[in-house]
1. Please tell me if residue A:36 is assigned to a helix (DSSP H, G or I), more than 9 Å from every other protein chain (Cβ to nearest Cβ) and of a type in the set (Lys, Arg).
2. Among the residues of the stretch A:62-75, is any within 30 Å of residue A:132 (Cα to Cα), in a loop (DSSP other than H, G, I, E, B) and within 11 Å of another protein chain (Cβ to nearest Cβ)?
3. Please count how many residues of the stretch B:275-285 are under 17 Å from residue B:315 (Cβ atoms), surrounded by fewer than 17 Cβ atoms within 10 Å (Cβ to Cβ) and not charged (D, E, K, R).
4. Which of the following residues is of a type in the set (S, T, N, Q) and buried (at least 18 other Cβ atoms within 10 Å of the Cβ): A:23, A:13, A:61?
5. For the stretch A:118-135, enumerate the residues that are at pLDDT below 85, closer than 17 Å to residue B:19 by Cα and more than 8 Å from every other protein chain (Cβ to nearest Cβ).
6. I need the full set of residues from the stretch B:11-35 which are in contact with a helix residue (DSSP H, G or I) (Cβ under 6 Å, 6 or more places away or on another chain), modelled with pLDDT of 85 or more and part of a helix (DSSP H, G or I), in order please.
7. Select from the stretch A:39-58 the residues that are crowded, with 22+ Cβ neighbours inside 10 Å and either outside any helix (DSSP H, G or I) or of a type in the set (Asp, Glu) (or both) and list them in ascending order.
8. Given the condition crowded, with 23+ Cβ neighbours inside 10 Å, at negative phi, within 11 Å of chain B (Cβ to nearest Cβ) and in contact with a Gly (Cβ under 7 Å, 6 or more places away or on another chain), answer yes or no: does some residue in the stretch A:136-152 qualify?
Amino acid sequence: MNDNSAVDKLDDQTDEALMVSYQEGNTAAFDVLYARHKGGLYRYVLRQLNNHTELANEIFQDIWMKLVNARLRYQPSAKFTTYLYHLAHNRLVDHWRSEKKHQQHIEYEDILENQSAGPHNKLHQQQVQKEIKQAIALLPEEQRSAILLKEEGLLSLAEIAEITGVNRETVKSRLRYAVKRLQGMLHPLRPVQ
Amino acid sequence: MNDIENDKDYQDIHEKYQASSNELPPLSIDESILKAAYKAVGSEGETHANSAEQSEQNNKFGVDTQPVKRAWYVPLSYVAMLVISLSVVMKLALEPDTAPMIAQTDLYQADAGLMDNLEQKELSSIQEIKSDSPRTLEDTNIERQELSKAPVAIAVMPAPTQAPAKVAEKAAMKKAAPSVASDDMQRAEQEVLYRQERLAKRKQRQNQEIMKSRAKLESDSVLMSEAADFASSGISEDRQEEKAKKPGVVAGLSRMERSDQIKDQDVAKEQQVLIDELVSLFENKQYKVLEQKLKEYRLIYPRIKDKEVLPRAMLDWEAKEIGKTSQKE
């Protein structure tokens with residue numbers, strides 16, 4: 001009973017308060033924090049790595065371990081989501097630099113072929129999900145980062161700008177280009193406005 | 001921001017993306033992350049065995065998740081504090097903190113005793129002087145010796161109320177710390193010497209005054225007796241002859257001169273009284289008494305010129321009367 005009430009109290013707390021609580025040694029606070037952000041961060045990493053699961057798992061673990069190790073350096077003045085996705089972005093940049101090649105070799109034609117399979121079968125929903133994942137994977141790195149931070153991290157333009165190291169207007173234009181491109185890939189016959 | 005969110009294309013993409021976005025990390029990864037997070041927080045008290053397991057995990061994660069090693073300066077500071085406190089305690093234990101206090105109190109007692117002795121001796125010496133029995137130099141020397149011995153004896157002697165063991169301990173402490181006690185002893189001795197000198201000077205001054213008063217009294221008495229002799233034996237004509245015949249009178253005169261020098265003011269007053277008496281005798285024409293008084297006057301004040309002091313008529317009368325008597329004789 002007491003444990004449940006304690007967990008409920010932690011659920012009501014903000015990310016920043018939970019992180020401070022974890023700094024002070026409260027592991028339950030980390031549980032709540034991890035539960036809140038594990039899905040979004042995992043999908044962000046997974047999409048960035050073109051749905052490469054094993055690599056995504058490894059980098060996902062690295063990001064969380066970096067957070068754990070750098071917990072004492074965390075300042076509550078910074079928004080926790082921004083801090084977490086900053087760590088993730090830097091880790092991915094390091095990975096890309098070390099790999100020197102991205103998984104952008106997926107052929108656009110393959111996606112088009114998959115699309116031509118037709119939306120009328122039972123697997124239409126799954127097909128759409130697959131398409132959009134593949135479409136995101138085909139986006140340029142900057143546009144992909146911007147759209148994934150927006151969708152998975154639920155971050156504002158300013159926060160995305162802070163993480164990616166560009167100004168707000170650049171982020172805005174990247175998002176517009178990404179949306180246009182995704183629309184073009186998902187609906188190739190529809191005229192682009 | 002609103003522009004993007006209100007865009008139809010963005011809304012479409014957003015809906016599709018959110019519908020497709022449902023992946024979660026595997027449970028094994030969840031467990032490993034949470035385990036590592038717990039260890040990082042509670043790893044300070046963990047054993048070395050856990051560190052091996054953690055190092056394996058670190059290799060797996062590719063990051064260093066080992067707990068922060070305890071800083072080396074924490075135990076060092078504990079040791080330093082211990083050493084400092086021990087050294088302070090040892091120093092306090094070995095330091096003869098009570099010895100100077102005892103020496104000082106003894107010296108104060110000695111000083112107070114000396115003061116009392118000095119005051120008593122001073123009083124007694126004054127009484128002796130008053131009773132006209134001058135102290136000899138030997139007595140003073142003996143006193144000095146006693147006084148110089150007194151502070152040492154009192155400083156070394158322990159307080160009577162102290163236990164014997166404690167007294168021995170204090171004596172040992174005094175031996176261990178002689179510098180403080182010796183300084184105080186020197187001060188006490190200097191004080192005693194200074195007081196002795198002051199006493200001796202005072203006594204000397206009082207002796208001188210007594211001698212002076214005695215000499216004065218003697219000279220006055222001799223003078224008076226000589227004058228009486230002169231008066232009774234009849235007045236001779238020539239002072240020079242009298243001087244040759246009676247050397248005691250000359251000696252009395254010389255003493256008078258000395259006494260005149262000592263107390264000029266009194267002499268002047270006496271002289272004036274005598275002159276007034278002579279003048280009154282001359283005015284009352286008591287010539288016989290005047291003759292005697294004039295001779296007396298000249299014996300007492302031989303150096304004072306008559307013309308400056310006595311009236312001219314009296315001098316003329318004296319010259320006539322003395323001329324007549326000498327012719328008769």
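The values are calculated or read from the model by the stated rules, or taken from the named source; none is laboratory data. Keep in mind that what you see is a predicted model, and the values were worked out from it rather than measured. Positions of Cβ are generated from backbone atoms using ideal geometry, with glycine treated the same way; all protein chains shown enter the neighbour counts.
1. So residue A:36 fits the description; yes.
2. No, the stretch A:62-75 has no match at all.
3. Filtering the stretch B:275-285 down to residues under 17 Å from residue B:315 (Cβ atoms) leaves B:275-283, B:285.
Subset that is surrounded by fewer than 17 Cβ atoms within 10 Å (Cβ to Cβ): B:276-277, B:279-280, B:283, B:285.
The next check asks that each one be not charged (D, E, K, R); those that pass are B:279-280.
So the count comes out to 2.
4. Every option except A:61 fails the conditions.
5. A:119, A:122, A:123, A:124, A:126, A:127, A:131, A:134
6. B:29, B:33
7. A:49 - this is the single residue of the stretch A:39-58 that is crowded, with 22+ Cβ neighbours inside 10 Å and either outside any helix (DSSP H, G or I) or of a type in the set (Asp, Glu) (or both).
8. For the stretch A:136-152, residues crowded, with 23+ Cβ neighbours inside 10 Å, at negative phi, within 11 Å of chain B (Cβ to nearest Cβ) and in contact with a Gly (Cβ under 7 Å, 6 or more places away or on another chain): present.
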